[in-house]
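Read the figures in this text as sums done on the coordinates, not as results from a lab. Computed from a prediction, not measured in an experiment: that's the story for all the values here. Every residue, glycine among them, receives a Cβ derived from its backbone with ideal geometry; neighbour counts consider all protein chains shown.
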Amino acid sequence: MEDSRVFSVKKEMPQSLKAVVVIPNVHMSTNHSRGSLPKRYSKEEAVFNLSRSSLLSALLFSGNYEMLRIASKDKFHQDFRMKNLPELFEVQRIALENGALMSTLSGSGSSFFSMVYADDAERLKRILEASFGFFRVEIFDFDNDGLICQKS
């Protein structure tokens, strides 16, 4: 945003990518989750995250998904929030070992998002369900339209 104006660039996500989402049976409070975050970050941590977010954008726009695992690493919030539900570290490890291009906490948690090629989605879902039967695992398409408001 600048001068109360929003600037953005849209990228359509291809049908060749799917989201595999692990939805734990435990709710993670956003306020509680925020409370686990540090009050300050180092310059190195800020540079780490800024460089990763820039790389992530470039990879998504270019269609070069092979480095998403590197680009999705985080030093600001993910590990701190995942400690509130330690099973998520194992969810991430298993997803990355079984075809996920990237695997990351969804927002403040507790859901965990993995991006995969469509051909790998069902297999990853089955593996995650076998390891975390007490969590729900779903496959979703990416929504390229977002919220659509109709004028009345």
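From its DSSP helices (H runs of at least four residues, each -39,500 (n - 2.57)), the chain gives a residue-normalised ellipticity at 222 nm of -11500 deg cm²/dmol. For trypsin sites (Lys or Arg not before Pro), the sites in region 74-152 that DSSP calls loop and that have at most 13 other Cβ atoms within 10 Å are LYS83, LYS151. Within region 1-86, the ratio Rg/Rh, alpha carbon atoms throughout and Rh by Kirkwood, equals 1.01. Compare VAL26, VAL116, VAL137 in a GNM of the chain, Cα atoms joined below 10 Å, and give the one with the largest fluctuation. Comparing VAL26, VAL116, VAL137 in the GNM, the peak value goes to VAL26. I want the local charge near GLY63. Using Cβ-Cβ distances under 13 Å, sum +1 for each Lys or Arg and -1 for each Asp or Glu among the other residues. Around GLY63, the surrounding residues sum to -1.
Applying Stokes-Einstein at 10 °C and 1.306 mPa s to the Kirkwood radius of region 87-152, computed over alpha-carbon pairs, gives a translational diffusion coefficient of 122 µm² s⁻¹.
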